[in-house]
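Q: Sharing a structure with you now.
The values are calculated or read from the model by the stated rules, or taken from the named source; none is laboratory data. Model, not experiment: these values are computed from the prediction. For neighbour counting, all protein chains shown are included, and Cβ atoms are generated from backbone atoms with ideal geometry for every residue, glycine included. Areas reflect the complete protein model, heavy atoms only, side chains present, ligands, DNA and RNA absent. Shrake-Rupley method; radii C 1.70, N 1.55, O 1.52, S 1.80 Å.
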Amino acid sequence: MRILLTNDDGINAPGLYVLEKIAAQLSDDIWICAPSEEQSGAGHSLTLTRPVRLREHAPKRFSVTGTPTDAVTMGLKKVLPGPPDLILSGVNRGANLGDDVTYSGTVSAALEGALAGIRSIALSQVYTREDIGENVSFAAAKAWGAKVIGPLLNEPFASRTLVNVNFPPVAAADVRGIRVVRQGFHDYARGSLIESVDPRGFPYFWFGLHGIEHTTGHDTDLEAIADRYISVTPLHVDLTHEASLAKLASRYEA
């Protein structure tokens, strides 16, 4: 089984090394094509206004000067000798839960793989406020990564779908199990805008995400993580709101 690894935290991110160890439990044909620098929040963006450069660091290990989408595209069209059987994106440092998947470069890399018809899985390690920066622990992802991916290898994925996995911020022994759940939603009023002045006297702004997370029920990825479960959520590309089609069509009837 040929596996392509990528992420949005960059080629030197600790989560990518964790993902390599997970993938090594599944195959010995592992390729890496990841952004050269961190691209968190890049979403499904594609670089169109400047050239993208490819660098080989070691056999089967490459980086690109672009987004996670660029990395997957380059991996599929230039780096790999043939299509991979599986694309794994991550392990992201931080959660990709609820509506935040729309911002996520980690999820978008898997989305690009899904669009290419390849089984694709995004993996993220949630962390607490106390464990920010270099202190993020990937213990749950290390211990449970292969256990989560294994059952998905023989499961047929519907066309243009991917699976989004999040590991709770607890020790591996404290993980209560795996839950297949729907995507939750956040209260986006929690977003903050930090304003300050740089050393040259010019104002700058920094976006932040804070506050309480909200969801409609108790069967979403948000609650699963809060309850110390690994969340597994199938996602799909089609954003059409089916219930609105007929209503909107009636507005244009002669």
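Q: Taking the criterion of being polar (S, T, N, Q) and free of Cβ contacts under 8 Å to residues at least 24 places away in the same chain, would at least one residue in the stretch 122-139 satisfy it?
A: yes
Q: Can you pull out the residues in the stretch 42-101 that are among the hydrophobic types (A, V, I, L, M, F, W, C), over 30 Å from Asn135 (Cα atoms) and in contact with a helix residue (DSSP H, G or I) (Cβ under 7 Å, 6 or more places away or on another chain)?
A: Correct list: Leu46, Val52, Leu54.
Table: residues versus (1) closer than 18 Å to Leu123 by Cβ; (2) among the aromatic types (Phe, Trp, Tyr); (3) open to solvent by 80 Å² or more (accessible area, probe 1.4 Å); (4) assigned to a strand (DSSP E or B).
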residue: Val148; (1), (2), (3), (4): yes, no, no, no
residue: Pro151; (1), (2), (3), (4): yes, no, yes, no
residue: Asn154; (1), (2), (3), (4): no, no, yes, no
residue: Ser159; (1), (2), (3), (4): no, no, yes, no
residue: Pro169; (1), (2), (3), (4): yes, no, no, no
residue: Ala173; (1), (2), (3), (4): no, no, yes, no
residue: His186; (1), (2), (3), (4): no, no, no, no
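Q: From the list Val163, Val180, which one is at pLDDT 95 or above, among the β-branched types (Val, Ile, Thr) and surrounded by fewer than 17 Cβ atoms within 10 Å (Cβ to Cβ)?
A: Checking each option against the conditions leaves just Val180.
Q: Pairs under 7 Å by beta carbon, first residue aromatic (Phe, Trp, Tyr) in the stretch 89-108, partner modelled with pLDDT under 95, six or more apart or different chains?
A: Going by the 7 Å Cβ cut-off, the qualifying pairs are Tyr103/Gly41; Tyr103/Gly43.
Q: Can we say Glu130 is part of a loop (DSSP other than H, G, I, E, B), open to solvent by 10 Å² or more (accessible area, probe 1.4 Å) and among the charged types (D, E, K, R)?
A: no
Q: Here are some conditions: (1) over 24 Å from Val180 (Cβ atoms); (2) touching a residue at least 40 places away in the same chain (Cβ under 8 Å); (3) crowded, with 24+ Cβ neighbours inside 10 Å. Val79 meets all but one. Which one does it not meet?
A: Going through (1) over 24 Å from Val180 (Cβ atoms); (2) touching a residue at least 40 places away in the same chain (Cβ under 8 Å); (3) crowded, with 24+ Cβ neighbours inside 10 Å one by one, Val79 breaks only (3).
Q: Looking at the stretch 105-127 only, could you name the residues that are in a loop (DSSP other than H, G, I, E, B) and modelled with pLDDT of 95 or more?
A: Selection gives Ala116, Gly117, Ile118, Val126.
Q: Next question, about the same structure. Got at least one residue in the stretch 141-152 being closer than 30 Å to Phe207 by Cα and under 16 Å from the mean Cα position of the chain (by Cα)?
A: Yes, the stretch 141-152 contains at least one residue that is closer than 30 Å to Phe207 by Cα and under 16 Å from the mean Cα position of the chain (by Cα).
Q: Looking only at the stretch 222-237, which residues are in a loop (DSSP other than H, G, I, E, B) and open to solvent by less than 80 Å² (accessible area, probe 1.4 Å)?
A: Within the stretch 222-237, Asp227, Tyr229, Val237 meet the criteria.
Q: Out of curiosity, is Thr102 modelled with pLDDT of 95 or more, open to solvent by 10 Å² or more (accessible area, probe 1.4 Å) and among the hydroxyl-bearing types (Ser, Thr, Tyr)?
A: No, not satisfied.
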